[in-house]
Amino acid sequence: MKNTEGGLELRMALQNIKPTRMELLKLKKRIILARRGLELLKLKRAALVMEFLKLIKKSKNLREELQRASERAYETIKIAEIYHGTVGLESASMMVKKMSGISLKTRNVMGIRIPELGRTSFENIIDTKYRLIGLSAKIDQVIKDFEHYHNIILEIAETENSIRKLLAEIEKTNRRSNAIEKILIPNLEHQAVYLKMKFDEMERDTFVTLKKIKSNLEKKENAETLVN
């Protein structure tokens, strides 16, 4: 069905094209530009795929690290609970200040805006005066381990969001390159061939016409010579 529609569009385009030398020159320029554009799209796609594969590997490593960080953080909090008890941990949690929002920046990868999440240090969420007099080394370690755990989660979110954006851009680039390679360039080449055939046909018609004119003139000259 698609091939039939494409053939119909091509026939309509051929019917509407003007058989002039200027039109043929324009077609040749468009073919050159289309091929250059296709080459750039393929280079872009290759770069995007490389970045995509790099992020896939990074995501896998981060998820493995997250598992280790999770086990360590919850093991640390169990140790802190043994030393201070549930009440001691709850008292420490009462010292926590409200955390500020996560900052968001972006970086450019082949024209795609990739988000980057800012990191928040957990050490700053407890007032310094409480840290000096109210917290033990065990609770300090809990804060550090959960900060590491939290930052890995943020990095995974950032990485996997980037993966989705890159995948969408790869698919978009594929569609554009396929449209140029399989539709636009062949159609332009068909139009150029059609115009070339038209010019050859016009030249043959002109040659035949000139030959007939020459033949008629020769006959006329011969007739006048006989009369004289």
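FYI, it's all coordinate maths here, none of it is from the lab. In this text the structure is predicted, and so the values were computed from the model without any measurement. Backbone-built Cβ (ideal geometry, glycine too); neighbour counts: all protein chains shown.
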Separation between Cα centres of segment 143-204 and segment 47-81, rounded to whole Å:
31
Contour excess over end-to-end distance, with Cα ends at Ile56 and Asn108 and 0.36 nm allotted per residue
16.9 nm
Sort 74-86, 162-174 by the packing proxy (mean of other Cβ within 10 Å over each peptide's residues), most packed first.
162-174, 74-86
Compute the distance in nm between two label points, each set 7 Å from the Cα along the Cα-to-Cβ direction, one at Val193 and one at Arg35.
1.6
Gln141/Leu43 FRET efficiency (R0 45 Å; Cβ-Cβ; nearest 0.05)
0.35
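Express in nm, to one decimal, how much length is gained between Thr209 and Asn178 on full extension, taking 0.36 nm for each residue of separation and deducting their alpha carbon distance.
6.6 nm
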To two decimal places, what compactness ratio does segment 18-65 give when its Cα radius of gyration is scaled by 2.2 N^0.38 Å?
2.15
